[in-house]
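**Q** Quick one: this structure, given as structure tokens, is what I'll be asking you about.
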Amino acid sequence: MTENIIDLRKADLTLGSAAAAVHVLKGIDLSIRAGEAAGIVGPSGSGKSTLLMVLAGLERLDSGEIIIAGEPLHGLSEDALADFRGRNIGIVFQSFHLISNMTALENVAVPLELANVPNAFAIAERELKAVGLGERLSHYPGQLSGGEQQRVAIARALAPSPKVLIADEPTGNLDTETGRQIADLLFSKQAERGMTLVLVTHDPSLAARCSRQIGVRSGRIESDSARISLKETA
């Protein structure tokens with residue numbers, strides 16, 4: 001049986017304080033298997049994006065446990081957490097988050113250099129070619145279309161060969177056809193490399209491409225296609 005690469009146990013998180021405090025995650029239990037493509041869906045304010053940030057190691061739980069690739073993240077220092085995230089988790093955001101005064105090649109290579117990865121520029125060039133941007137290495141973000149910028153972001157996320165790829169509304173800023181192409185790219189790279197893909201989306205057609213759909217509402221998991229399928233086959 002394929003082992004779990006993500007285990008979330010009784011995850012609880014409140015954001016803000018005093019009168020502005022919002023109880024966002026409410027005792028969530030969630031396991032995701034290595035190599036799985038899991039889509040997290042739910043209405044605005046349901047907690048799905050916060051859940052994704054917890055899985056990405058960008059938000060710390062108030063209580064509960066998060067274990068990724070056998071490493072308990074809840075006990076790590078900020079430096080150790082950043083190091084773990086850099087080696088194991090690739091992140092793709094809706095708004096690209098590219099550095100405007102760096103070329104496509106530099107946007108992918110510099111994070112590798114900062115992590116002391118050897119041959120950072122060679123790796124960056126390889127990854128940009130793999131996402132179809134071999135002719136855009138020296139272009140700056142402002143010279144690229146939205147779809148091309150998201151391809152740079154995907155190359156940057158894939159460059160460290162992460163075990164888990166996290167995507168937060170990866171097609172949200174793109175037109176329908178470009179969004180489809182980016183979705184095709186994400187799923188093809190996930191299958192090609194055997195990574196675990198976890199994505200948040202409002203797009204039902206994108207969620208339907210995942211092998212598993214997890215519905216979140218009011219800070220709790222409301223539905224889980226994996227649990228349903230297990231019950232059906234029991």
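**Q** Suppose a student asked you for the relative contact order of the range 72-153, using Cα pairs under 8 Å spaced at least 6 residues apart; what percent would you report?
**A** Worked out over the range 72-153, it gives 35 percent.
**Q** Mind checking the angle between helix 104-114 and the chain's longest principal axis? C-alpha axes, 0 to 90 degrees, to the nearest 10.
**A** The angle comes out near 60 degrees.
**Q** Round to a whole angstrom and tell me the spacing of the C-alpha centers of the range 127-180 and the range 61-76.
**A** Going from one Cα centre to the other spans 29 Å.
**Q** Sticking with this one: Sum -39500 (n - 2.57) across every DSSP H segment of at least 4 residues in the chain, then divide by the residue count to get the 222 nm mean residue ellipticity, nearest 500.
**A** It comes out at -11000 deg cm²/dmol, rounded to the nearest 500.
**Q** Next question, about the same structure. What is the count of Lys pairs in the chain whose alpha carbons sit under 30 Å apart, if the two are 8 or more places apart or on different chains?
**A** Eligible lysine pairs with Cα atoms under 30 Å apart amount to 14.
**Q** Oh, and also: Report relative contact order for the chain in percent, whole number only (criteria: Cα-Cα under 8 Å, sequence separation at least 6).
**A** 28 percent
**Q** Skip the ligands, DNA and RNA, and give the accessible area per residue of the chain with a 1.4 Å probe, whole Å².
**A** Normalised by residue count, the accessible surface of the chain is 48 Å².
**Q** Please grab the % of Cα pairs in the range 73-186 that end up more than 18 Å from each other.
**A** Cα-Cα pairs of the range 73-186 separated by over 18 Å account for 49 percent.
**Q** Give the residues of the range 196-218 whose amide nitrogen is closer than 18 Å to a point set 7 Å from the Cα of Asp29 in the direction of its Cβ.
**A** Only 214-217 pass the distance filter.
**Q** May I ask you to derive the relative contact order of the range 1-50, considering only C-alpha pairs under 8 Å and at least 6 residues apart, and to give it as an integer percent?
**A** Over the range 1-50, the number comes to 37 percent.
**Q** For the chain, what is the convex hull (Cα atoms) projected area averaged across all directions, in square nanometres?
**A** For the chain, averaging the hull's shadow over all directions gives 13.7 nm².
**Q** Computing the accessible area with a 1.4 Å probe over protein heavy atoms, can you report the carbon and sulfur percentage for the chain?
**A** After summing per-atom areas, the C and S share lands at 50 percent.
**Q** Also, I was wondering about something else. Tell me the net charge near Leu81. Cut-off is 12 Å between Cβ atoms, Leu81 excluded, with +1 for each Lys or Arg and -1 for each Asp or Glu.
**A** Result for the local shell: -2.
**Q** Among the GluC sites (Glu not before Pro) in the range 96-148, which ones are in a DSSP loop with at most 11 other Cβ atoms within 10 Å of the Cβ? Mind listing them?
**A** Glu135
**Q** Which GluC sites (Glu not before Pro) does the range 1-104 hold that lie in a coil by DSSP with at most 11 other beta carbons within 10 Å?
**A** Glu3
**Q** Okay, moving on. Note the full-extension length gain between Ser225 and Arg180 as 0.36 nm times their separation in residues minus their Cα-Cα distance, in nm to one decimal.
**A** Result: 13.9 nm gained on full extension.
The values are calculated or read from the model by the stated rules, or taken from the named source; none is laboratory data. Here the structure is a predicted model, which means the values were calculated and not measured. Every residue, glycine among them, receives a Cβ derived from its backbone with ideal geometry; neighbour counts consider all protein chains shown. Side chains included, ligands, DNA and RNA excluded: accessible areas come from the protein's heavy atoms. Shrake-Rupley method; radii C 1.70, N 1.55, O 1.52, S 1.80 Å.
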